[in-house]
Structure formats: structure tokens, C-alpha cells
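To keep things clear, I will list the structure first and then write my remarks on it.
The numbers here are math on the coordinates, done by the rules we state, and not lab data. Just so you know, these numbers come straight off a predicted model, no measurement behind them. Here the Cβ positions follow ideal geometry from the backbone for every residue, glycine too, while neighbour counts run over all protein chains shown.
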Amino acid sequence: MNFMQMSMNNHPFHMVEKSPWPLTSSLGMIIMTSGFIKWFHYKILLMFLLGILIMILSSYQWWRDVTRESTFQGLHSKEVYMNMNWGMILFITSEVFFFLSFFWAYFHASLSPNIEIGSMWPPIGIIPFNPYHIPLLNTIILISSGASITWSHHSLINKNFKQSMISLTTTIILGIYFSILQKYEYNDAYFTIADSIYGSTFYMATGFHGMHVLIGTMFLMVCLIRLKNNHFSKNHHFGFEAASWYWHFVDIVWLFLYISIYWWSFN
Amino acid sequence: MVSLCGRAVLQASRRSLIYAQARCKSYEMPDPIDHATGIEKRQLLAEAAGNDDPFNIKPIKRGPSTKDCPTLVPSAFDSRIVGCVCEDEATHVNWMWLHQGSPRRCECGHWFKLVYKAPL
């Protein structure tokens, strides 16, 4: 769209242009999920790797385009900003229900344990993690990162670039530290995803949470690069806001995981 | 084909890596209006000038709405869709096209007229 057309559109809404990325990311998604099936059933990884490569390339280029539209073309007016806010709120709501299903499965299995697992929780033979060791440290790390992202956001609103950079970097380091500890914890586990309903629900819930932490960390890293490159102003920084909401969401999910899965089932 | 694809990928990757970026030495964040561009900036400037509805998308109160004194509807185009809430207690909106030129009457009796307003 050239400048004349832009100026003739006398409305604040963003009429998006043609883009190949919805098509390529849809293809990437179907190839990736089919690849998961091939991986899990036949232990062939190639199709999954192809799918995730297409997904990474598509999402990188799609969000690069969105960045150009907002920062360099100024297409994100107040109305567009508000609509993206609602988009993120609805997305996080859908994520809440995604995790709710795993908690449902967990409570269904644990509140009235079947005879097959010894009528007890954790099931007979399962040695759970001690919640006062690494999981407690992970809780402290994530709550601290929630505080540091808020520090970064307030610095950004107060036009304090340096403090915003420092605290956002701190948040990212805490996120990476969490992922490293989670990997260490998984390596040391006494049970696998194939060990009873405990292993299934535990790894399903904490595994998906771990994926969300990784994605949230990448989202924050993109914000750090954009902050450094002067993409944000004190009242227009939607990418940052969305990333921090997402991070808080991941933080809150961890608190529920810690309380109900790690702490409550540990005797 | 392979070399063509390779070149396309190479060019695309170069394009995204090399772009202008600037930051002043004092590490100050930019002023929001200075930082903005395009329609976003024009909207901010209009609001700074005291116009809180630069695109005329907020509802307008009807005047007498007679044939001689119709309610004026601003538009940058030849026609615009108008929604008339015919009575105070009405539970629905009556929509109609309004064209440049003579005023037009809603079925409830209120008159409207399109007036040209330059785009923002």
C-alpha cells in the first residue's frame, strides 16, 4: 500500500495486506503435528524437524512484518492497539483453559485414586520430587522474574532506558535459569511419563509449562532487541506488554503447578 | 532452482539483519509523538490539537433533522453508511446509504446530508 492510499483511508483501522505467512504457518503446523505422530509412533524425527523449521521461519517473518507495520509504517493506531490488547487477553484466556484441562486430569486421578494405582496418591512405587528442593528454588526464580519484568515495564513507562534494559535482561536470565533447573530436575527424576497416571499428568502439565517458559523467554528476548533498537515509546509498546502478560500467566500457572502437583502430593 | 532459492533466502536474511537504528547517547526514550509515524502520528497530532474524534467514528447527536436543516454527516468519500437511532427508546439501528448531493430522509422522518471533510 502506498502513501496516497494510506492517507485516503480515512479510518484508524489497519487493513492488512496480502501475506504468505498464514499459509506457510498452517502448512508448518500440520507437518509439525503429523511429525509428532511419526516421532512418537515410529521414532522418525525428520518430519517433525521439517515442520518446526517451517514454523520457525514463518513465525519469524510474520512477526518481523508486524514489527515493520507498527514501528516503521505507523499502522497501529489507538484502535488497532486496543484490538490487539483484546486479542492477547482472549489468547491468554484460551491458554488458561488449556492448562485447566491438565489440572482437571490431575485432580480426577489424584482426588479419588483408583484401585489399580493402590488407592493412594502418589501411586504405589512412585517417588515424587521433594518440593522443598529445586521446585521451591524454581518458584522463587519465577516470582522474582515477575517482579523484574514489572520493574522493566515501569522503567519503560518512565522513559528510563537503562533500568528497563537491565531489568529485562535480568528477567530473561531468570527464565533461562528456570529452564536449566527444570532440565536438571527431569534428568534426575525417578519416574517417566510412562510411569502410571502420576507420570502422565505430571509430565503433561509441567512439560507444557516448560514449553511456555521457553516461548515466553524467546518473546522477552525479542522485546529486549526491540527495546535496544528504539522500537518502543512510553505509551506504545504492545509487544512488551503482551510479553509481560504472557510471562505473568506462565508465572501463575507455575504457582498452581507447584502447590497442587509438587507440594500437595508430597507426604 | 536451488541457486535461485539459495539467493532468495540469502537476500531475505540480509535484509532483515541490516537496517537503520539510532539511539542518542544519553539513553533517553523518545517522545511518543516524535517516535510515531503514519496514521498513528496523525491521530496523535489531531488529539494533541484537541480533536478527540479525528476520523469521525463517534456517534453524533441529531439536530432538528428537517429537510431544510438536516443533520450533517462528515465524510472524505462520495458516500457513507449512516445508522439512525430513530427514537430514544429504539432497540435497533436503521442503516442507509447517504450520497453526496441532496439530503436523504430516514424512514422515521429524520433528514441527513453528507458534507465533505478532508481525510486526516
#### Entry: Distance between modelled label sites at B:ILE57 and A:SER119, nm, 7 Å Cα→Cβ extension
6.4 nm
### Contour excess over end-to-end distance, with Cα ends at A:TRP63 and A:LEU23 and 0.36 nm allotted per residue
13.0 nm
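Given +1 on the Cβ of Lys and Arg, -1 on the Cβ of Asp and Glu, and no further charges, what dipole in debye does segment A:1-75 carry about its Cα centre, rounded to the nearest 20? Spell out each step's value before the answer.
Working: 5 positive and 3 negative charges, 60 e Å.
Here segment A:1-75 has a charge dipole of around 300 debye.
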### Message
Lysine pairs in segment A:77-266 with Cα distance under 24 Å, only those 8 or more apart or on different chains: how many are there?
### Response
7
### Query
Roughly what % of Cα-Cα distances in the protein assembly as shown sit above 32 Å, to the whole percent?
53 percent
### Task
Over all alpha-carbon pairs in segment A:119-175, figure out the percentage whose distance exceeds 15 Å.
59 percent
### Message
Taking R0 as 45 Å, what FRET efficiency do you get between A:PHE91 and B:SER102 from their Cβ-Cβ distance, rounded to the nearest 0.05?
### Response
0.40
### Query
What is the Cα centroid distance between segment B:45-67 and segment A:149-187, reported in whole angstrom?
44 Å
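Quick one: order A:HIS153, A:HIS41 by neighbouring beta-carbon count within 10 Å, fewest to most.
Numbers: A:HIS153 18, A:HIS41 8.
With the fewest neighbours first, A:HIS153, A:HIS41 line up as A:HIS41, A:HIS153.
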### Query
Which value, in nm² and rounded to one decimal, describes the direction-averaged projected area of the C-alpha convex hull of segment A:47-151?
11.8 nm²
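Kirkwood-based Rg over Rh for segment A:77-266 (C-alpha set), two decimals? Walk me through the numbers on the way to the answer.
Details: Rg = 18.8 Å, Rh = 17.9 Å.
Over the Cα atoms of segment A:77-266, Rg/Rh equals 1.05.
Based on DSSP H runs of at least 4 residues, each adding -39500 (n - 2.57), what is the mean residue ellipticity at 222 nm of the protein assembly as shown after dividing by all its residues, to the nearest 500 deg cm²/dmol?
Numbers: 11 runs with 219 residues, N = 387.
Computed ellipticity for the protein assembly as shown at 222 nm equals -19500 deg cm²/dmol.
Going by the alpha-carbon gyration tensor, a ≥ b ≥ c the square roots of its eigenvalues, is segment A:1-109 rounded (a/c under 1.5) or, if a/c is not under 1.5, prolate (a/b greater than b/c) versus oblate? Don't skip to the answer; put the middle values down first.
Numbers: a/c = 4.09, a/b = 1.61, b/c = 2.55.
It is oblate, given that a/c is not under 1.5 and a/b is not larger than b/c.
Give me the net charge of B:TRP111's neighbourhood, meaning all other residues with Cβ under 11 Å from the Cβ of B:TRP111; Lys, Arg count +1, Asp, Glu -1. Write out the running numbers ahead of the final one.
Working: positive: B:ARG62, B:LYS67, B:ARG104, B:ARG105, B:LYS113; negative: B:ASP68.
Once positives and negatives cancel, what remains is +4.
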